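Below: one structure, written as structure tokens.
No lab work stands behind these numbers, since they all come straight from the coordinates. Source: prediction; values computed, not measured. Note: ideal-geometry Cβ built from the backbone for every residue, glycine included; neighbour counts use all protein chains shown.
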Amino acid sequence: MEAMRVEHLSYSYPGVDDTPGVSVFEDLSLTVEQGSFVAVLGGNGCGKSTLAKQFNAILLPCGGKVYVCGMDTADEEKLISIRRSVGMVFQNPDNQIVANVVEEDVAFGPENLGIASPAIRSRVDQALKQVGMYEYREHAPHLLSGGQKQRVAIAGVIAMAPKCIVFDEPTAMLDPQGRREVLQTIHTLNREKGITVVLITHHMEEAAQAQRVVVLHKGNIAADGTPAQVFSQVALLHEIGLAAPETVELCYALNEAGFALPLDRLDSEECGQALYDWVKA
Amino acid sequence: MLKDITLGQYFPGKSPVHQLDPRTKLIVLVGYIVALFVAKSWASYALCFGFLAVSIAISTIPVKSIVRGMKPLVLILVFTGVLNLFFTGGETVLVHFWIITITLEGVVRAVFMVVRILMLISATFLLTYTTSPISLTDGLESLLSPLKKLHVPVHELSMMMCIALRFIPTLIEETDKIMSAQKARGADFETGKLMDRVKALIPILVPLFISAFRRADELATAMECRCYQGGEGRTKMKLLRYKRWDMYAFAAGALLVAAVITLASFGL
């Protein structure tokens, strides 16, 4: 089953007054399988965030179609069910928290859906436990750390019980500690609740942990495959201004100096082993 | 340092006063204010004072913090007192000096007015000290909901208040950051003439406003993503429900108003 299907999508931001709009996509096609973990990589202005906003009908295609769980995003009547199915987590946790008590914020989504009060309570408690923020349910959000705030934002999305969650650079504003917490939460959601995850990022290390990596460049798909397949195309990545994970970069540099190392070792452990094997042989 | 300010000065607690429904507190407060303005004699003032004292005692809010809250109001109190003292006519002249005449009636009236204001403010402090801003807005929304029939956007107003309360600390933090950035580049906010200082604020306000608009835009998108479509069809996690203590509070409030009005009708 596919969770999302993008068919020949074209989109351009409308221009102001007489200036021409900025075209982002011309003909993009992509499918995301249900329950999968897809990382979307790309440099600035390649259309990552624009693509994310297509997935829950914040932006609508100018041409082509976007289907989410079988629903056409252009169909206005399905708008609410689409947004129920696809949750969004944005970069800045401060700008997506609505209420000034953690649990009230998590309740915001279910309240909008018109769910009965006891059911909201249980959803909120469950969501907060899921992200490990249950002890903080009565805190004020502005007193939490960045990683904690982002986890509250994630709880707010899972309280709506979505099938997919699109993360738009959720770790860009966090310190390493917060990044670890948030990534761990995302992985748990994917593994344990079977939520389809689309993770938009520009951290190679985060993408390396996904099941599938899609590289966008100027509105087109430059590479698509497992992390090992994508990151071994180091020359291509360099050409479009990206870098592979450090381990691959190391092997690549050594290969240029005459080594013959495999380029699909994403783990430092595996990379060390490959180096050891090569030196031994 | 700017980050530590408290909003609405809510003291979290578990006393019966804290746990009262916010609507109860608002309605009883209105009743109390009515009683206070109807009161004309020492007896009715004593009743109001008793009501206030018992409420404060039950709330376990230290009297000290209520007194501390009064400090900024000293000027108003003195002003009211002095005005009433000098400009109340009467027969028993106590002091007559140049154009100033102080009568016994004036003294009594001044004391009455000051006590009335003190008691009024103490009660409102008790409300904000024992009620979190969010439940206060909830209570207001629920009390004002009949106005929805007159097309007053009650839900939208309370949503706006909620968001404003939520973003005040965030914006203060931001102001702090911008000020530090400007200071690091040599801006001077502390010295100079008033006009210079006001001018120095412009480079703080401009980025603050731009960032506030950007935040608003992002927040609106995030709210839309979470299926927000206004107040219609919306439910609440925490339903407001009157409990036993609310009944006690209503009964006490009603008794107070009735007693004071009865006393007043007897000219007391």
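Filter the chymotrypsin sites (Phe, Trp or Tyr not before Pro) in region B:222-266 to those in DSSP coil with at most 11 other Cβ atoms within 10 Å of their Cβ, and list the result. Could you put the intermediate results ahead of the total?
Details: sites: B:TYR228, B:TYR242, B:TRP245, B:TYR248, B:PHE250, B:PHE266; in loops: B:TYR228, B:TYR242, B:PHE266.
Loop-located and lightly packed - B:PHE266.
Taking the Cα centre of the protein assembly as shown as origin, work out the dipole magnitude from +1 charges on Lys and Arg Cβ and -1 charges on Asp and Glu Cβ, in debye rounded to 20. Could the numbers behind the result be given before it?
Numbers: 50 positive and 54 negative charges, 566 e Å.
Roughly 2720 debye for the protein assembly as shown.
What value in Å³ per residue do you get for the convex hull of the alpha-carbon atoms in the protein assembly as shown?
On the way: hull volume 131.1 nm³, N = 549.
Once divided by residue count, the hull of the protein assembly as shown is 239 Å³.
Once the Cα atoms of helix A:176-193 and of chain A are each reduced to a long axis, what angle between those two axes, in degrees from 0 to 90 to the nearest 10, is obtained?
It works out to around 70 degrees.
Which trypsin sites (Lys or Arg not before Pro) from region B:82-156 combine a DSSP loop assignment with at most 12 other Cβ atoms within 10 Å? Kindly include the intermediate steps, with their values, before the conclusion.
Details: sites: B:ARG109, B:ARG116, B:LYS148, B:LYS149; in loops: none.
The qualifying sites: there are none.
Treat region B:131-259 as a sphere of radius equal to its Kirkwood radius over Cα pairs and apply Stokes-Einstein at 37 °C in a medium of 0.692 mPa s; give the translational diffusion coefficient in µm²/s, rounded to a whole number.
On the way: Rh = 18.9 Å.
The diffusion coefficient I find is 174 µm²/s.
I want the local charge near B:TYR242. Using Cβ-Cβ distances under 15 Å, sum +1 for each Lys or Arg and -1 for each Asp or Glu among the other residues.
On the way: positive: B:ARG23, B:LYS25, B:LYS238, B:ARG241, B:LYS243, B:ARG244; negative: B:ASP21, B:ASP138, B:ASP246.
Counting the neighbours of B:TYR242, the net charge comes to +3.
Work out from phi, with θ = phi - 60° and the Karplus expression 6.51 cos²θ - 1.76 cosθ + 1.60, the ³J(HN,Hα) of each residue of region A:260-271, listed in order in whole Hz, and give x for Gly and Pro.
Running phi through 6.51 cos²θ - 1.76 cosθ + 1.60 with θ = phi - 60° gives 9, 9, x, 9, 10, 9, 8, 9, 5, 4, 4, 5 Hz.
Above 17 angstrom, tally the Cα pairs of region B:31-104 and express them as a % of all pairs, no decimals. The partial results should precede the final answer.
Working: 1783 of 2701 pairs.
Percentage above 17 Å: 66.
Collect residues whose amide H, placed 1.01 Å from N in the peptide plane, falls under 5 Å from the amide H of A:LEU216; neighbours closer than 5 in sequence don't count.
Result for A:LEU216 returns A:LEU41, A:GLY42, A:ALA222.
What does the charge count around A:GLY114 come to, taking other residues whose C-beta lies under 10 Å from its C-beta (Lys +1, Arg +1, Asp -1, Glu -1)? Mind showing how you got there, number by number?
Details: positive: B:ARG234; negative: A:GLU111, B:GLU232.
Charge balance near A:GLY114 sits at -1.
Compute the distance from the alpha-carbon center of region A:102-133 to that of region B:190-243, in whole Å.
23 Å
Rounded to the nearest 20 Debye, what is the dipole magnitude of chain A about its Cα centre when Lys and Arg each give +1 and Asp and Glu each give -1 at the C-beta? Numbers along the way, then the final one.
Values: 22 positive and 36 negative charges, 134 e Å.
My answer is approximately 640 debye.
Along the principal axes of its C-alpha atoms, what lengths does region B:7-164 span, in descending order and rounded to whole Å?
Its Cα atoms span 58, 38, 28 Å along the three principal axes.
Using label points projected 7 Å from each Cα along Cα→Cβ, tell me how many nm separate A:VAL22 and A:HIS187, to one decimal.
About 3.4 nm, to one decimal.
Given the options A:VAL98, A:VAL197, A:VAL24, state which has the largest fluctuation in a GNM of chain A using a 10 Å cut-off (strictly under) for Cα springs.
Maximum fluctuation in the GNM of chain A, among the listed residues, is at A:VAL98.
Per-residue mean of other chain beta-carbon atoms within 10 angstrom of the beta-carbon, peptide A:56-62?
That works out to 1 on average.
How much space per residue, in cubic angstrom, does the convex hull of the C-alpha atoms of region B:153-225 take up? Don't jump to the answer; show the numbers that get you there.
Numbers: hull volume 8.1 nm³, N = 73.
Convex hull volume per residue, Cα atoms: 112 Å³.
Return an integer: the convex hull volume of the alpha-carbon atoms of chain A, in Å³ per residue. List each step's numbers first, then the result.
Values: hull volume 42.0 nm³, N = 281.
Looking at chain A, the number lands at 149 Å³ per residue.
Grab the DSSP H runs of the protein assembly as shown that are 4 residues or longer, score each as -39,500 (n - 2.57), total them, divide by all residues and round the 222 nm result to the nearest 500 deg cm²/dmol. Let's see the in-between values first.
Details: 21 runs with 295 residues, N = 549.
Value at 222 nm, helices only: -17500 deg cm²/dmol.
So for region B:153-225, taking the charge dipole from beta-carbon charges (+1 Lys/Arg, -1 Asp/Glu), which of B:ALA187, B:PRO207, B:PRO169 sits furthest toward the positive end?
About the Cα centre, the residue reaching furthest to the positive side is B:ALA187.
I need the Debye-formula profile for region A:61-181: one equal scatterer per C-alpha, no solvent, reported as log10 I(q)/I(0) at q = 0.16, 0.17, 0.19 1/Å, two decimals.
Taking Cα atoms of region A:61-181 as identical point scatterers yields -0.77, -0.85, -1.00.
Ignoring GluC sites (Glu not before Pro) that are buried or in helix or strand per DSSP, and keeping those with at most 16 other beta carbon atoms within 10 Å, what is the longest stretch of chain B between them? If you can, show how the numbers build up before the last one.
Numbers: sites that count: B:GLU91, B:GLU190, B:GLU232.
No qualifying site falls inside B:92-189, the longest such stretch.
Just to compare against my own numbers: the Cα pair-distance distribution for region A:77-141, 10 Å bins, whole % per bin, please.
Taking all Cα pairs of region A:77-141, the binned fractions are 19, 52, 26, 3 percent.
With r defined as the distance between the Cβ atoms of B:ALA216 and A:ALA74 and R0 fixed at 30 Å, what FRET efficiency is calculated, to the nearest 0.05? Walk me through the numbers on the way to the answer.
Details: r = 27 Å, r/R0 = 0.90.
The pair B:ALA216/A:ALA74 has a calculated efficiency of 0.65.
Going by how many other Cβ atoms sit within 10 Å of their own, how do B:ARG214, B:ARG166, A:ARG212, A:ARG5 line up, fewest first? Each step should come with its number before you reach the end.
Details: B:ARG214 12, B:ARG166 24, A:ARG212 18, A:ARG5 15.
Going from least to most buried by this count: B:ARG214, A:ARG5, A:ARG212, B:ARG166.
At 27 angstrom or more along the helix axis (alpha-carbon based) and mean Kyte-Doolittle of -0.5 or higher, what helices does chain B contain? Whole DSSP H runs only. Numbers along the way, then the final one.
Details: long enough: B:104-130 (39 Å, 1.66); B:154-184 (44 Å, 0.46); B:194-225 (46 Å, 0.80); B:244-265 (32 Å, 1.34).
Sorted by number, the helices that extend far enough and score high enough are B:104-130, B:154-184, B:194-225, B:244-265.
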